[in-house]
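Okay, structure first, notes after.
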Amino acid sequence: MPDTVLASPADLALVERLRAGDETAFMMLVEQHQAAMLRIARMYVATQAAAEEAVQEAWLGILKGLDRFEGRSSLRTWMYRIVANVAKTRGQRDGRSIPFSSLEGADGGSGVDPEWFQGASERAPGGWRAFPDDWRGIPEDRLAAHETLEEIGRAIEDLPPMQAEVLRLRDVLGWTSEEVRNALDLSETNQRVLLHRARSRVRRALHGYLFESEDR
Amino acid sequence: MSTKPLTCHEVVELVTDYLEGALAPDVRARVEGHLADCDGCTRYLEQMRETIRLTGKLTEEQVPEEQKAALLDAFRSWSAG
């Protein structure tokens, strides 16, 4: 099924520059994507070294494939699918098979604690026991402080790998949901469930940090 | 789907679908109706928006020099054809 996100004019211009041997254009592409490509590969192989090898191999595949790139998806989703395929093949060859549920954290639930809400026998079942503490009094220089952003980074690292990657691609790198679905081969619903769990958990961690461990 | 009012717990679990524009129009209307009357859920929704905004300030890790050098070599031999 073709993607409905096609390559942009910028993608096609970049492909032309790469075909012409433009090293600056290539290194920009590496800077933009290497970290995410390594994380994606790492989901399917056993070690960081194997992930680095898989990504190196994927880059060679991307370069070889450039002449055939027809722009029927965005350049980056096409690149990430090559990375995922190379890493999956490598992982299978190394005898590593990972249940998808462990990547996704399917059994972990969202970051929403049922205990925040009243139970069936209480006055207002499903209503807040107490509202979450208000963030509005917190000054921007604390919210956007280096330490706060580090806390968010740690919360993301604690997520199951697929949740973390969906969140990074969507909220750190600003991809559309469709690009993320295509790059990571997820259904529309699944992408949204993973995003919801990830964002809920990060909000909860951030809340705990901002209010020194008050958990709501 | 039933038309009884959504609980706060339900609204909190629908926040991402709401922000993604993925709710059916009738459910969206029920979420918005709930939010109009509920300071707790409005606060939660705002905090999810803030979380997204602050997450957007993170940056990717730098690529180690030796990886860059290896990839540049690969690019040079590819373009030399």
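The values are calculated or read from the model by the stated rules, or taken from the named source; none is laboratory data. Predicted, not measured: the structure shown is a model, and the values here were computed from it. All Cβ positions, glycine included, derive from the backbone under ideal geometry; neighbour counts span all protein chains shown. The protein model used for the area step is the full one, side chains on, heavy atoms only, and it has no ligands, DNA or RNA in it. Shrake-Rupley method; radii C 1.70, N 1.55, O 1.52, S 1.80 Å.
Selection within the stretch A:174-216: residues that are among the acidic types (Asp, Glu) and crowded, with 16+ Cβ neighbours inside 10 Å. The member of this set that is nearest to the other protein chains (Cβ to nearest Cβ) is A:Glu178. Looking only at residues that are more than 30 Å from A:Met43 (Cα to Cα) and more than 10 Å from every other protein chain (Cβ to nearest Cβ) in the stretch A:104-139, which one is most open to solvent (accessible area, probe 1.4 Å)? Out of the qualifying residues, it is A:Arg123.
For the stretch A:115-162, give me each residue that is among the basic types (Lys, Arg) and over 20 Å from B:His9 (Cβ atoms). Once the filter is applied, which keeps residues that are among the basic types (Lys, Arg) and over 20 Å from B:His9 (Cβ atoms), the stretch A:115-162 yields A:Arg136, A:Arg142, A:Arg154.
In the stretch A:152-173, of all residues being of a type in the set (D, E, K, R) and more than 12 Å from chain B (Cβ to nearest Cβ), the one that is nearest to A:Ala84 (Cα to Cα) corresponds to A:Glu165.
The rows are residues; the columns are (1) without any contact (Cβ under 8 Å) to a residue 24 or more places away in the chain; (2) facing chain A (nearest Cβ under 10 Å).
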position	(1), (2)
B:His9	yes, yes
B:Leu14	yes, yes
B:Asp37	yes, no
B:Thr42	yes, yes
B:Leu45	no, no
B:Thr51	yes, yes
B:Thr59	yes, yes
B:Leu72	yes, yes
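Please pick out the residue among A:Ile156, A:Ile138 that is more than 23 Å from A:Ala35 (Cβ to Cβ) and either among the aromatic types (Phe, Trp, Tyr) or in contact with a Leu (Cβ under 7 Å, 6 or more places away or on another chain) (or both). Result: A:Ile138 is the single residue among A:Ile156, A:Ile138 that is more than 23 Å from A:Ala35 (Cβ to Cβ) and either among the aromatic types (Phe, Trp, Tyr) or in contact with a Leu (Cβ under 7 Å, 6 or more places away or on another chain) (or both). Selection within the stretch A:55-68: residues that are farther than 17 Å from B:Lys68 by Cβ and open to solvent by less than 20 Å² (accessible area, probe 1.4 Å). The member of this set that is farthest from the other protein chains (Cβ to nearest Cβ) is A:Gly65. Of all residues in the stretch A:69-79 being assigned to a helix (DSSP H, G or I) and either within 14 Å of another protein chain (Cβ to nearest Cβ) or among the acidic types (Asp, Glu) (or both), which is least open to solvent (accessible area, probe 1.4 Å)? For the stretch A:69-79, the residue satisfying everything is A:Met79. Here the condition is being part of a helix (DSSP H, G or I) and in contact with an Asp or Glu (Cβ under 9 Å, 6 or more places away or on another chain); of A:Arg17, A:Arg39, it holds for A:Arg39 alone. Among the numbered conditions (1) within 15 Å of A:Trp128 (Cα to Cα); (2) open to solvent by 70 Å² or more (accessible area, probe 1.4 Å); (3) of a type outside the set (Asp, Glu), the only one that B:Lys4 does not meet is (1).
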